[in-house]
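Since the structure comes first, as structure tokens, the remarks are kept for the end.
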Amino acid sequence: MFKPVNRYILIDVPPEREKNSQSLIVLPDDYEPEKERYTTASVVNSADDVRFDLKQASKIVVDRSMVERIKIGVTNYDVILDNYVIGIVE
């Protein structure tokens, strides 16, 4: 199991929903629609020095652009620094 350190939080970010609407406008092949800036994630584990109290499975709101994906072997881990946690959902 991956244990974060240095104020990092291991999170589970839900996959983005794809919009399956067909457009009458022709778009370039590399066009990507704008993503929402913030998302809700579940806490899997956190470093001991995180500056606020977090429990496993807590829901937090994070800045999606600051989520870092780390690949170790065949497993991907999403982590975020505690600075980029916007709030805790109770």
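Here, each number is a calculation from the coordinates, and none is a lab measurement. Only a predicted model underlies this, so the values are computations on that prediction, with no experimental measurement involved. As a convention, Cβ positions derive from the backbone with ideal geometry for all residues, glycine included, and neighbour counts pool all protein chains shown.
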Problem set entry | Matching residues in segment 36-61 - criterion: being within 20 Å of ASN6 (Cβ to Cβ) and in contact with a helix residue (DSSP H, G or I) (Cβ under 6 Å, 6 or more places away or on another chain) | VAL50, ARG51
For this session: Select from segment 62-90 the residues that are in a helix (DSSP H, G or I) and in contact with a helix residue (DSSP H, G or I) (Cβ under 6 Å, 6 or more places away or on another chain) and list them in ascending order.
Result: MET66, TYR84
Exercise. Does ILE80 satisfy the criteria of being crowded, with 16+ Cβ neighbours inside 10 Å, in contact with a Phe, Trp or Tyr (Cβ under 9 Å, 6 or more places away or on another chain), within 20 Å of GLU36 (Cβ to Cβ) and aliphatic (A, V, I, L, M)?
Worked result: yes
Problem set entry | When residues of segment 37-60 are limited to those that are of a type in the set (A, V, I, L, M, F, W, C) and exposed (fewer than 15 other Cβ atoms within 10 Å of the Cβ), the one farthest from LEU81 (Cα to Cα) | ALA57
